[in-house]
Each structure stands twice: as structure tokens, then as C-alpha cells.
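> Quick one: the structure is below, questions incoming.
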Amino acid sequence: MNVISLTTGTKNIRLAQRDEPKLTIPDGVKLRVIRVGICGTDREEAEGGRCKPPAGQTELVIGHEMFGQVVEIGSAVVRVNVGDYAVFTVRRGCGKCVPCEMNRPDMCHTGEFTERGIWGADGYQAEFVVDKEQYIVRVPPELESVGVLAEPLSVAEKAVDEAVRIQVARLPDAPATPNWLFGRRCLVAGIGPIGLLGALVLRLRGAEVFGLDIVDAGTARPAWLEKIGGKYINSKQLSPDKIVSTLGPMDLLFESTGVAGLAFNLLDVLGWNGVYVLTGIPGGDRPLEIPGAQLIRQLVLDNQAMVGSVNAARDHYQMGVDDLRQAHALWPGHIDKLITNRFPAKDFMKAFDAHPVNDIKSVIEWK
């Protein structure tokens with residue numbers, strides 16, 4: 001079968017041949033891959049960045065944002081049937097710590113996990129893939145066109161879920177309302193795919209959402225945000241240090257820029273008792289000067305919480321699928337507009353080229 005593989009540590013990425021995987025275990029599921037998303041991680045890998053092949057190999061099959069259709073199941077499988085649409089999760093546990101034994105490898109204690117298409121395990125840019133039932137989430141047929149968004153949406157779901165859990169645990173008045181986010185003022189920094197999906201999660205829970213970026217108003221990403229009721233802030237016109245005086249403080253910050261300097265500057269936007277969740281991963285290793293004493297004083301005196309969030313568990317994927325279904329009903333056809341480019345597998349390199357201003361998400365089509 002065809003796969004897209006990368007010689008790790010190089011820019012040598014190609015369409016290669018691998019044996020088609022076989023189903024050999026009773027709890028196994030085989031999917032025909034329909035499409036796989038391209039994200040910043042894939043582009044970093046293709047530029048020779050962080051990734052790791054399976055043990056004993058020099059090439060890695062890339063791709064982790066997958067969507068497919070079940071073509072074969074083992075005798076013990078009950079969650080899906082042949083013909084169902086589904087996605088597999090990304091991270092696989094270390095087999096040593098309690099979270100991994102609980103199918104929560106996103107919270108692994110040892111760091112000895114693998115990640116399909118990223119770290120130590122082949123990914124999903126292939127015609128067929130096989131994995132265990134515990135890593136699968138069924139996708140309803142009405143979401144066929146957008147099911148590939150389940151993985152990036154799961155990242156946003158986990159980040160928002162963690163932020164809310166922190167607030168409910170520490171604020172005495174939070175449990176008094178069934179939905180802490182309802183009516184809360186939230187700033188999403190960086191409205192790429194993860195940021196827009198984070199905004200979607202927040203809007204579905206009734207939050208007032210502001211999206212901060214540097215792109216011109218009226219282009220694809222701000223327009224998409226505004227369609228779901230978000231408000232766009234162009235940071236070239238309203239810098240972070242002016243946001244509070246202009247719009248007021250925020251109850252929650254959702255950071256997805258991966259720009260370290262901006263991430264720290266945004267702390268000024270967070271209000272009393274606020275929570276700040278970071279999902280962006282800065283590149284490079286340039287030193288950064290920050291007013292450390294001032295930032296610590298603010299976190300302490302304003303009673304603020306700051307947390308990093310990465311990856312997601314199977315339950316977060318399920319939350320993502322449920323939210324996609326709700327969003328699909330609320331804004332018919334709008335979620336599809338997040339996918340701006342679809343490339344056949346033979347033209348996969350086009351997905352790694354420079355992005356036009358209205359590009360949001362590119363996917364590789366395998367069907």
C-alpha cells in the first residue's frame with residue numbers, strides 16, 4: 001500500500017510502499033483511511049524537526065489527524081462495526097504508570113509513551129491502518145466531511161476541560177452554576193485551527209469569545225470566528241497591553257500561538273481569579289527576557305492559575321465528536337469551511353507549501 005514516509009532528521013519525505021497491515025488480535029480494528037489533516041507538527045517534521053521513527057527503523061510514516069472507515073474488526077470488538085466511520089487516537093501509553101494503565105497516556109508520568117506519526121510509532125498517512133479498539137472513537141455519518149477535525153478538536157477540548165476543572169476545584173462559587181463558562185469572557189490567542197476549535201468549544205458552552213491574531217479582518221479565519229459569535233481583535237491595531245483598558249479583563253485565556261513572548265505578555269489581560277491554559281509550543285531556543293518578579297506578583301496577588309495542556313485522551317475525542325455534531329446542527333455547512341484545501345495523496349507536497357492568506361486547514365485525501 002502507499003504511505004507518506006519521512007527519513008527523520010531530514011527533509012526527505014516521499015510516497016513509499018509498505019505492506020498492508022493485517023488484523024491479528026481479537027480487539028483489533030482495521031480502517032481504510034479516508035483523509036488525514038496536516039498541522040504544524042507535520043510541517044516541523046518535514047523540515048527536519050522533532051520526530052522519532054519506530055525502533056530499528058530510519059523512516060517514520062507521518063500523520064496523526066486521521067479519519068477513516070472500518071473495514072474489518074476482531075471477534076471481541078463491540079464499539080464499532082464494519083462500515084462505521086471512526087478515528088484513532090494518537091498517543092500510546094508507557095505500560096508502566098497508572099494513568100497509562102487507565103488509558104490516559106496524555107497524562108503519562110514516565111514520558112516513555114509513543115505517538116503515532118510523531119514519536120516512535122508509524123502514523124496514519126497510509127491507505128490502511130490497524131490498532132486496538134481502546135483507541136477508537138466512532139464518528140456519525142453526518143460528520144463524514146469534518147470528522148478529520150476530531151484530533152485537533154480533542155486538543156482544544158482537553159485544554160478547556162482542564163481549565164474549567166481547575167476553576168471549579170478552587171473557586172467556592174463555581175459549583176453553584178451548572179456551566180462555569182456561560183457568560184465568561186474568554187480570549188483565544190492565535191486563531192489557527194486549534195485556536196478556532198478552542199473558540200468553538202467555548203462558544204458552544206455560552207462563553208463570550210474574543211480571538212486575537214495579526215491577520216486582516218474579513219479574511220477566512222476572522223470571518224469563521226465571527227460566524228460562530230466570536231469577536232476578532234487584530235493585535236496590529238489593538239496590542240495586548242491595551243486590551244484590558246479597551247475591552248476589560250478576561251476570565252480565561254486560551255493560548256495557541258506558540259510565541260513565547262506574546263504568551264507572557266498576555267498575562268496582563270487575565271482578570272482576578274482567572275485561568276490561563278497554554279497549548280502552543282514555541283519553536284527555537286532563543287533566550288527570552290521577561291519581568292519575572294512582576295509576573296509572579298501578578299499570579300500570586302491576583303489569584304491566577306496557569307497550566308499547559310498537550311495531547312488528549314479518548315474521552316476528549318468523544319467530546320470533540322459530540323461538539324462537532326452540535327456545531328454542525330447550529331451552523332450548517334460552516335464547520336466544513338475550516339478545511340480550506342484538500343489534496344490527493346499523490347500531490348501531498350502541495351500541503352506543505354506556503355499558505356495563502358485564507359488557508360486554515362489542509363488535508364490529504366486517501367479515498
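> With the Cα gyration tensor of segment 209-290 in hand, give its eigenvalues times 5 under a square root as the equivalent ellipsoid semi-axes, listed largest first in whole angstrom.
Numbers: eigenvalues 87, 56, 30 Å².
Whole-Å semi-axes of the equivalent ellipsoid: 21, 17, 12.
> With a 1.4 Å probe and every protein chain kept in, tell me what percent of the accessible surface of segment 158-238 is carbon plus sulfur. All intermediate terms of the calculation are to be shown ahead of the outcome.
Numbers: 1770 of 3240 Å².
Here carbon and sulfur together make up 55 percent of the probe-accessible area.
> Averaged per residue, what accessible surface does the chain expose to a 1.4 Å probe, in Å²?
44 Å²
> For segment 272-367, which whole percent of the accessible surface, found with a 1.4 angstrom probe, sits on carbon and sulfur atoms? Let's see the in-between values first.
Details: 3050 of 5460 Å².
Taking all protein chains in place, segment 272-367 shows 56 percent carbon and sulfur surface.
> To continue, here is another question. Taking amide hydrogens as modeled 1.01 Å from N in the peptide plane, which residues meet the under 5 Å criterion relative to K361, leaving out close sequence neighbours?
T340, N341
> Would you mind telling me the antiparallel percentage of the DSSP bridges in segment 209-367, rounded to 5?
0 percent
> Work through the residues other than I233 whose Cβ is under 11 Å from its Cβ and net out their charges, Lys, Arg +1 and Asp, Glu -1.
Details: positive: K231, K236, K242; negative: D213.
Spelling it out: positives minus negatives among the neighbours equals +2.
> Here is a further query. How far apart, in nm, are the 7 Å Cα→Cβ label points at V71 and E47?
So the two model labels end up 3.5 nm from each other.
> Please arrange C51, C186 by accessible surface area, largest first, computed with a 1.4 Å probe and ligands excluded. Mind dumping the intermediate values first?
Numbers: C51 20, C186 0 Å².
Accessible-area ranking of C51, C186, largest first: C51, C186.
> From the phi angles alone, apply the Karplus equation (6.51, -1.76, 1.60; θ = phi - 60°) to segment 3-14 and give each ³J(HN,Hα) in whole Hz, x where the residue is Gly or Pro.
Here the 3J(HN,Hα) series is 9, 9, 10, 10, 6, 4, x, 10, 9, 7, 10, 8 Hz.
> Now for a separate question. Over segment 4-77, calculate the relative contact order: mean separation of alpha carbon pairs under 8 Å at least 6 apart, over the residue count, as a percent. Spell out each step's value before the answer.
Values: 120 pairs, mean separation 35.4, N = 74.
This gives 48 percent for segment 4-77.
> Considering the dipole of the chain built from charges on the beta carbon (Lys and Arg +1, Asp and Glu -1) around the Cα centre, which of M319, G48, G280 is farthest to its positive end?
Working it through, the farthest residue towards the positive pole turns out to be M319.
> Rounded if a/c is under 1.5, else prolate if a/b is larger than b/c, else oblate: which is segment 1-149, with a ≥ b ≥ c the root eigenvalues of its Cα gyration tensor?
On the way: a/c = 1.62, a/b = 1.20, b/c = 1.34.
Here segment 1-149 falls in the oblate category.
> While we're here: Would you calculate a helix-derived [θ] at 222 nm for the chain, using -39,500 (n - 2.57) for each DSSP H run of n ≥ 4 and dividing by the full residue count, to the nearest 500?
Result for the chain, helices only: -7500 deg cm²/dmol.
> Can you classify segment 134-278 as rounded, prolate or oblate using the Cα gyration tensor, where a ≥ b ≥ c are the square roots of its eigenvalues, rounded means a/c under 1.5, and otherwise it's prolate if a/b beats b/c and oblate if not?
Because a/c hits 1.5 or more and a/b fails to exceed b/c, segment 134-278 counts as oblate.
> Quick one: Cα convex hull volume of the chain, Å³ per residue? Mind dumping the intermediate values first?
Details: hull volume 55.1 nm³, N = 367.
Looking at the chain, the number lands at 150 Å³ per residue.
> While we're here: Can you list residues from other chains, or at least 5 along the same chain, whose modelled amide H is less than 5 Å from the amide H of K52?
Hits under the 5 Å cutoff: W119, G120.
> Next question. Which angle between 0 and 90 degrees, to the nearest 10, do you get for helix 150-170 versus the longest principal axis of the chain when only C-alpha atoms count?
Taking Cα atoms only, the helix is inclined about 40 degrees.
> Sticking with the crude label model, points 7 Å out along Cα→Cβ, report the distance from T24 to I290 in nm, one decimal please.
4.7 nm
> Please work out the Cα center distance from segment 128-164 to segment 203-232, rounded to the nearest Å.
23 Å
> Hey, can you grab everything whose amide H is under 5 Å from the amide H of L238? Only 5+ residues off in sequence or another chain; H modelled, so Pro and N-termini drop out.
none
> Through the Karplus equation 6.51 cos²θ - 1.76 cosθ + 1.60, θ set to phi - 60°, convert the phi angles of segment 335-349 into ³J(HN,Hα) values in whole Hz; use x for Gly and Pro.
My calculation for segment 335-349 gives 4, 4, 6, 5, 8, 9, 9, 10, 10, x, 4, 5, 10, 4, 5 Hz in order.
> Right, another one. In whole Hz, what ³J(HN,Hα) sequence does segment 234-250 give by Karplus (6.51, -1.76, 1.60; θ = phi - 60°), x for Gly and Pro?
8, 5, 6, 9, 9, 6, x, 6, 9, 5, 5, 5, 8, 10, x, x, 10
> OK, next. Given K132/K350; K96/K132; K22/K158; K96/K158, which pairs have Cα atoms separated by over 25 Å?
Values: K132/K350 32 Å; K96/K132 18 Å; K22/K158 32 Å; K96/K158 23 Å.
Check vs 25 Å cut-off fails for K132/K350; K22/K158.
> Length gain on complete extension for the stretch L247 to A16, per 0.36 nm per residue less the alpha carbon to alpha carbon distance?
This chain segment gains 77.9 nm when fully extended.
The values are calculated or read from the model by the stated rules, or taken from the named source; none is laboratory data. This one's a predicted model, so the numbers in the text were calculated from it and none came from an experiment. Every residue, glycine among them, receives a Cβ derived from its backbone with ideal geometry; neighbour counts consider all protein chains shown. All accessible areas refer to the heavy atoms of the entire protein, side chains included, with ligands and DNA or RNA removed. Shrake-Rupley method; radii C 1.70, N 1.55, O 1.52, S 1.80 Å.
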